[in-house]
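The values are calculated or read from the model by the stated rules, or taken from the named source; none is laboratory data. All figures in this text were calculated on a predicted structure; none of them were measured in a lab. All Cβ positions, glycine included, derive from the backbone under ideal geometry; neighbour counts span all protein chains shown. What goes into the accessible areas is simple: the full protein's heavy atoms, side chains included, and nothing from ligands, DNA or RNA. Shrake-Rupley method; radii C 1.70, N 1.55, O 1.52, S 1.80 Å.
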Amino acid sequence: MSSQDNENLERWTEHFQKGWLKNFVDTKSIDWKLYKYVRNEQTVSGKGLELSKARLLLVSSAGAYLPSRDKPFYAANLLGDYTIRTFPASTPFSELEYAHDHYDQTSVRDDAQVLLPLNHLRNLVDEKVIGSLSETVVSFMGYQPWVGRVMKKTLTAIRKIVQEEAIDAVLLVPS
Amino acid sequence: MTSWNAGIIRGIKPPRGTITALQRGMTLGHPHDEAQQKRVLMETLKLLELDAPVELVRLNEK
């Protein structure tokens with residue numbers, strides 16, 4: 001991630017605070033007509049890599065977490081939850097739970113691979129298509145209207161794992 | 001990344017990505033449709049081999 005990450009952040013934050021957030025504080029309700037989705041002007045650049053030698057990190061916004069170890073995301077918070085959870089890539093799907101109020105979980109509870117393709121990725125490692133898969137999966141709850149908090153809290157936490165686990169590439173699967 | 005939400009993704013401008021016509025909650029494909037899930041996954045992963053930025057790739061998956 002580069003300085004391009006925050007190309008419009010100041011302008012976006014001013015609009016957010018005077019519009020969507022002010023309305024929320026005043027009325028305790030959400031008005032999406034006041035919300036401005038991020039419109040970046042530049043795309044981050046980077047060299048391609050050899051997939052068969054790359055170490056890949058799966059990042060999911062499905063709100064998955066390990067209830068035997070971690071607290072759920074604060075899914076009911078209309079201001080969003082900017083924390084992350086991690087769990088081992090070897091975790092059986094049956095041990096995961098989902099805390100995310102903003103999408104229909106029917107499909108992921110029927111077949112987790114619609115959002116967490118861990119079996120497919122392991123097969124691709126076995127077939128030597130991918131070099132290796134990170135031992136950790138990163139998960140967050142993808143209802144995060146406050147972009148500044150995403151950048152300062154969520155992305156900072158993910159970046160730390162990327163560095164600690166010597167990750168070459170990240171696959172983001174939004175829910 | 002891969003997403004069903006073309007509008008938001010175009011605004012974010014990720015370095016590499018695929019767009020489908022799948023639905024929220026099933027980003028990689030329909031439940032138990034392993035062939036579709038693998039297609040979306042592979043089409044997305046192979047973009048990593050290209051220098052970014054790469055134009056978003058629209059996949060015929062719904």
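Computed quantities for the displayed model
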| read-out | value |
| --- | --- |
| Charge dipole (debye, nearest 20) of the range A:26-175; +1 at Cβ of Lys and Arg, -1 at Cβ of Asp and Glu | 580 debye |
| Mean Cβ neighbour count within 10 Å, used as a protection proxy, ranking A:47-59, B:48-60 highest first | A:47-59, B:48-60 |
| Accessible surface of the protein assembly as shown, 1.4 Å probe, proportion on carbon and sulfur as whole % | 51 percent |
| Accessible area of A:THR83 in the full protein assembly, 1.4 Å probe (Å², nearest 10) | 40 Å² |
| Fraction of antiparallel bridges per DSSP, the protein assembly as shown only, in percent to nearest 5 | 40 percent |
| Per-residue average of Cβ from other chains inside 10 Å of A:122-131 | 1 |
| Average other protein chain Cβ within 10 Å of Cβ, residues A:161-173 | 2 |
| Between B and A, accessible area buried - total, square angstrom, nearest 100, 1.4 angstrom probe | 2900 Å² |
| Dipole-positive endmost among A:LEU118, A:LEU155, A:LEU56 within the range A:51-173 (Cβ charges, Cα centre) | A:LEU155 |
| Averaged over A:48-60, number of beta-carbon atoms from partner chains that fall within 10 Å | 2 |
| Between the range A:8-24 and the range A:53-132, the Cα center-to-center distance that results, in Å | 30 Å |
| Surface per residue (accessible, 1.4 Å probe) for the range B:10-62, Å² | 52 Å² |
| Global geometry of the range B:2-58, whether rounded, prolate or oblate, following the gyration tensor of its Cα atoms and the 1.5 cut on a/c | oblate |
| Set of lysines near A:LYS53 by C-alpha distance (under 24 Å), chain-local residues within fewer than 8 positions excluded | A:LYS128, A:LYS160, B:LYS38, B:LYS46 |
| D (Stokes-Einstein, µm²/s), Kirkwood Cα radius, the protein assembly as shown, 1.567 mPa s at 4 °C | 70 µm²/s |
| Pairwise FRET efficiency - A:GLU95 versus B:ILE12, Cβ, R0 = 45 Å, nearest 0.05 | 0.90 |
| Counted charge near A:GLY131, where neighbours are those whose Cβ lies closer than 10 Å (Asp, Glu -1; Lys, Arg +1) | +1 |
